[in-house]
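Report on the structure given below.
The values are calculated or read from the model by the stated rules, or taken from the named source; none is laboratory data. All values reported here derive from a predicted model rather than from experimental measurement. Heads up, the Cβs are rebuilt from the backbone with ideal geometry, glycines too, and the neighbour counts pull from every protein chain shown.
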Amino acid sequence: MTAPTPVKKVPIHLQSAQNRLYIKHGTVVNHDGHFKADVYVEDGKIKYVGPGSDFVVPGGVKIIDAAGRLLIPGGIDPHTHFQLPFGGTVSIDDFYKGTRAAVAGGTTTIIDFVIPNKNQSLLEAYDEWRSWADGKVCCDYGFHVAVTWWSKSVQKEMKILCEERGVNSFKVFMAYKGLYQLDDTELYEVFETCKELGAVAMVHAENGSIIAKNAEKLLNAGVTGPEGHELSRNEEVEAEAVNRACIIAHQVNCPLYVVHVMSKSAALELARARQRYNGVGIFGETLAAALGSDGTNYSHHCFNHAAAHVLSPPLRPDTTTPECLMKFLSHHKAADIISSARLKGDSVFGDVLTGAIGCSLRDVKPSASLYYITSPPIRRDPETPKKLLKALALNHLQTTGSDNCTFNKEQKELGKGDFTKIPNGVNGVEDRMSVVWEKGVHGGLIDPCRFVAITSTNAAKIFNLYPQKGRIEAGSDADIVVWNPTATRVISASTHRQACDFNIFEGMTCHGVPEFVIVKGRVCVEDGVLRVAEGYGTFLETPLSPPYVYNGINGIKNGDDESTNENGRNLNIEEELAIEI
Ligand code: URP
Ligand code: ZN
Ligand code: ZN
Ligand code: ZN
């Protein structure tokens, strides 16, 4: 795969109204299955998914040949901060550049955060953020709103945002003491309000009071560089807050989505809570950054390199964290893992129960071996059954975001001499899909269906955009990525489309390249060439009471077992994790 081609920005009024598109010979991958099919798109919607032989292609239609390619639902990044005012500066990717980069990487929907200042009206902040985004976004977008202070008026505004402004999720901070941090009573009341409204509560889980004490001590001891960032907010500090947030939400039976789970310890607390509550009402997100980078970067000799990796919660020095978090994201039936290997073109395991799980080919007696002859054959790797078992039971984390919040060198330098002043945030909106594919599917830990679930479908379900988004099916929005699973590209700040001057995934070779990206029927990436339309995206109103989230809370069984931890709930989590980690 060649390096990305420079961006060509074409004014929206000059773009041809290519409203009909036929994609043939591809393999459609949804979270629950994959099959060969042609896809017909008209006026921004998917109109047909099925065998080419059953469909008469109208004349004058643009045709894309997707032989050997996967057709996946466009990515949904549920966590971005475009042009966020933070730490005395503003993040450098705005709603145009940020969504343009998203589209380049195969993400066709983003959900950003409105973060009001203390004492600012939530409605006023929402209007401000809308004015920054509308007219600029190249793909559809939604908003979560942060509750950064608490009063009766804030509570009233939450209701208005839900009922009149298309918001269904609110983020609270347990960190950033003196700025955004709420105390436990306030968390309790916000969660209670979310529950009453049918909204999804989201939490930034780190103990801000401990962080403030640790930071003060470190600075007094002369630790002023970026290494102090992780030291002041170590794994325990995150894990304690995850546990506390889950408990507080459970007191009022409010569904909780824990954003940016960054450590093993925090993921473990989340998994324990999911197990305690039978998988009901607790959801977890991790970040491309956590899967594709680690905290050893904080001890880099160059301030700019180290500071570029500063985000909160931080990356962890334990270098086994990325793989462990990917395992927490995995969740698949053996059958899917087998077909995944086939999709990737690998030789494949045998029968689900015996060949794949029960034993490897090495254990099979010669007389019985005929029984295991499948095509392609069972893998000879004796570790295979164990690996499969590991992958079967998880689903402890459900989504991957980017937390894209980019600052350039000069902005990061605001924290030279005091790590607490380094603006928090990293890149990821462009590379999230590639990094998750590389570490997950190419790394053999998840299959392409699970890839679709954790990069798109689960976010669509949790924030109630499904099946308009997150699925390739007649009736859904035509947000489609033609994904080449065998092509590779190398990530670099010198070729990325993001506005920032640093890329935390610099030099990573990624298998899996978005060759075509179709945003609501519009071909925005064509053979690697990016042609976005500024203002083409629209604001997505997210309806209240997402069934995927609220059915469990209300005692209704979802047909879809992925909303609960069913596969995992009979396992002893400590035992399971002893195998896992
Ligand atoms: O470091 C981060 N994550 N910056 C953005 C703000 C937040 O807490 O998500
Ligand atoms: Zn946060
Ligand atoms: Zn964030
Ligand atoms: Zn699958």
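Of note:
- On inspection, Asn214 passes the criterion of being more than 26 Å from the chain's Cα centre (by Cα) and either assigned to a helix (DSSP H, G or I) or outside the structural domain of Cys302 (by TED's automatic domain parsing) (or both).
- Of Glu206, Glu186, all but one fail to be among the acidic types (Asp, Glu) and touching a Lys or Arg at 6+ places or on another chain (Cβ under 8 Å); the exception is Glu206.
- For Asp112: the one exception among (1) surrounded by fewer than 24 Cβ atoms within 10 Å (Cβ to Cβ); (2) closer than 24 Å to Arg497 by Cβ; (3) within 16 Å of ligand 2 (Cβ to nearest atom); (4) not assigned by TED's automatic domain parsing to the domain that holds Lys159: (1)
- Flag if Glu189 is more than 14 Å from ligand 1 (Cβ to nearest atom) and of a type outside the set (A, V, I, L, M): yes
- Helices (runs of 4 or more DSSP H) fully within the stretch 87-166 that include at least 3 residues being more than 15 Å from Cys524 (Cβ to Cβ) and small (Gly, Ala, Ser): 122-133.
- Screening Thr296, Thr354, Thr286 for residues that are in a helix (DSSP H, G or I) and either modelled with pLDDT of 90 or more or within 16 Å of ligand 1 (Cβ to nearest atom) (or both) leaves exactly one candidate, Thr296.
- A count restricted to the stretch 69-86 and to residues that are assigned to a strand (DSSP E or B) and either modelled with pLDDT under 95 or within 16 Å of ligand 2 (Cβ to nearest atom) (or both) stands at 6.
- Selection from the stretch 256-281 of residues that are touching a Pro at 6+ places or on another chain (Cβ under 6 Å) and at negative phi: Met262
- For Gly75, the test of being out of contact with any helix residue (DSSP H, G or I) (no Cβ under 7 Å at 6 or more places or on another chain) and either in the same structural domain as Asn404 (by TED's automatic domain parsing) or farther than 23 Å from Pro423 by Cα (or both) is failed.
- Leading residue by the ranking (farthest from ligand 4 (Cβ to nearest atom)) among those in the stretch 22-35 that are surrounded by 22 or more Cβ atoms within 10 Å (Cβ to Cβ) and over 20 Å from the mean Cα position of the chain (by Cα): Ile23
- Selection status of Thr148, at pLDDT 95 or above, over 22 Å from Cys405 (Cβ atoms), buried (at least 22 other Cβ atoms within 10 Å of the Cβ) and among the β-branched types (Val, Ile, Thr): no
- Residues in the stretch 36-56 that are surrounded by 14 or more Cβ atoms within 10 Å (Cβ to Cβ) and of a type in the set (A, V, I, L, M, F, W, C) were compared, and the one that is farthest from ligand 2 (Cβ to nearest atom) is Phe55.
- Condition met for Gly279 (touching a Gly at 6+ places or on another chain (Cβ under 9 Å) and touching a residue at least 40 places away in the same chain (Cβ under 8 Å)): yes
- Some residue of the stretch 401-409 being over 28 Å from Lys36 (Cα atoms) and more than 16 Å from ligand 2 (Cβ to nearest atom): yes
- Residue selected from the stretch 167-188 under the condition in a helix (DSSP H, G or I) and within 18 Å of Ile553 (Cβ to Cβ), by the criterion farthest from ligand 2 (Cβ to nearest atom): Tyr188
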